[in-house]
Every structure is written in structure tokens, then in C-alpha cells.
Amino acid sequence: MEDSSGSSPSPAILRNRYWILRHGRSVPNERGLIVSSVENGTKPEFGLAPQGFEQARAAGKLLQKELEEMGVPVDSVKIRYSPFSRTTETARVVAGVLGIPFEGPSCEAVMGLRERYFGPSYELHSHDKYAEVWAVDEAHPHMAPEGGESVADVANRLSAVLSSTETDFHSSEIIIVSHGDPLQIFQAVLSGAKENTSFLDGVGDLKVNGTAVASVLSQHRKFALDTGEVRRVV
């Protein structure tokens, strides 16, 4: 488990502590496919690969160890996950390891945590095409692939998830199970908010007056995680 490699503590104003987990290695990972639409991402055939289940179990055990060392009771742990098959399966395995009923209120699928949609020109195409999107991200984080989402679009919905979670819970351990790009962007948002509490306000208005916000979001790739990697961000 890491609290480094580019990750940053969340701003002190937050009421909860956050852990992020990228889903385990998936069938799309093994096939080298971009699967980013809700329609495709929720199909059972695009769930975890065998190695991904192993990574999810390892992540659960690592979380269990860390939480026990911190003296955190299980009832204060909340799991929020993307509804995609690969993230749902990852969250289910982790919940099982931690002894949290997956069908109970502590576990919930949140649409705002879904994969970044890269648009029809990229959907079901090779992973190699990610480089094209990330090059644009670095120069213009408010520019989206045709029919898809920009970094700013994803940052905006993740900020909304963060806001609602902060409203719903207090002094809880929040485990966010999502995807590579969203979790990179989520960390960038937290990094910016740590430096400037008004950062979150700028995310939704990036095209108008978000120069400082853009400079942070454009560097989201430095917060990359491996499949099955857990990182504490609070």
C-alpha cells in the first residue's frame, strides 16, 4: 500500500479518510482493449481475469491489515465502487475479505465512479490509443475525445461524488474502487484542493477561469496506479 508515488493527502477540510483501489487485472486488460462505455463495461464478459481476482484478494488483505493496525472498526468502513463488471467484482472480493456484507448499505455502486468514456472512436479499440488521449489531456485537459469525456468532465463528476460522500458520512474510512483514469484524476483533484480550498469550485468552470486548475489536472498521469493497487489518499 502506498501513500507516495505522486499521491497527496486530502485537504484537512474533509471529514473522512479515503482509500483508492484500481480494479484487478481484467479481461479488457488482457485483451488490450479499451472498454469504457457503461453499455460494454457492465457486460459480464468484461469482468476480472483470474489474476484480477487474486489481486483483489491481495488488496483486501492489505486493507484489512492496515485497518486493523489503525484500530478501525469494520462498521466504519464504506465501499463505493464503479458499476462496471471489473470494479464490481473487485469490490465484492474486497468486501468479502473485510467481512462487510456486499449487499448491505456499506457497499454501494456509484455511477459517478464509472470509467472515463473515451468515445466511440476509441471504444473496443487497442489500448495503444490511450497515448493519443493523454497527449491531449496534458495540453488541454478541458478538451474531450469526440463523443467522450475530458479530464475536466471526469474531475467534475468525481468532485460531486466527493461532495456527496462528505455529506453522507463522518469519520469513516471510504474505499473507492474505480478505474485508472478516474483514480488518477481523483488524486489530482485532491492534490489541488489540498493546496487551495477553492480548487473544487474551479473544476466545474475550467474553460472560463480555471488556469490553475488546468495545470493540475493536465498532470493526472503522474498519479497512475497498477491494477489491484491500493493507495491511501487521506
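Measuring from the lowest to the highest alpha carbon on each principal axis, how far does the range 17-232 reach, largest first, in angstroms?
Result for the range 17-232: principal-axis Cα extents of 45, 40, 25 Å.
Kyte-Doolittle mean at least -1.0 and Cα extent at least 24 Å along the axis: which DSSP H helices of the chain qualify? List each step's numbers first, then the result.
Numbers: long enough: 50-70 (31 Å, -0.84); 151-168 (25 Å, 0.18).
Membrane-span-like by this criterion, though nothing is claimed about a membrane: 50-70, 151-168.
Over the chain, what is the percentage of antiparallel beta bridges among all DSSP beta bridges, to the nearest 5?
The antiparallel proportion sits near 25 percent.
Can you return the aspartates and glutamates within cross-link range of Lys43? Criterion is Cα-Cα under 15 Å, with same-chain partners fewer than 8 residues away left out.
Glu89, Glu115, Glu123
Sorting Glu30, Glu173 on the 10 Å Cβ count, fewest up front, what's the list?
By the 10 Å Cβ count, ascending, the order reads Glu30, Glu173.
For the range 1-130, what mean projected area does the convex hull of the alpha carbons give, in nm²?
9.0 nm²
Within 10 Å of each residue's Cβ, count the other Cβ atoms and sort Val189, Val151 from fewest upward.
Least crowded to most crowded, the residues run Val189, Val151.
If neighbour count is taken as other Cβ atoms inside 10 Å, put Asp128, Asp181, Asp137 in order from fewest to most.
Asp128, Asp181, Asp137
Just so you know, all these numbers are worked out from the coordinates, no wet-lab data involved. Everything numeric here is computed off the predicted structure, so don't read it as measured data. Don't worry about glycine lacking a Cβ; one is built from the backbone with ideal geometry, like all the others, and counts go over all protein chains shown.
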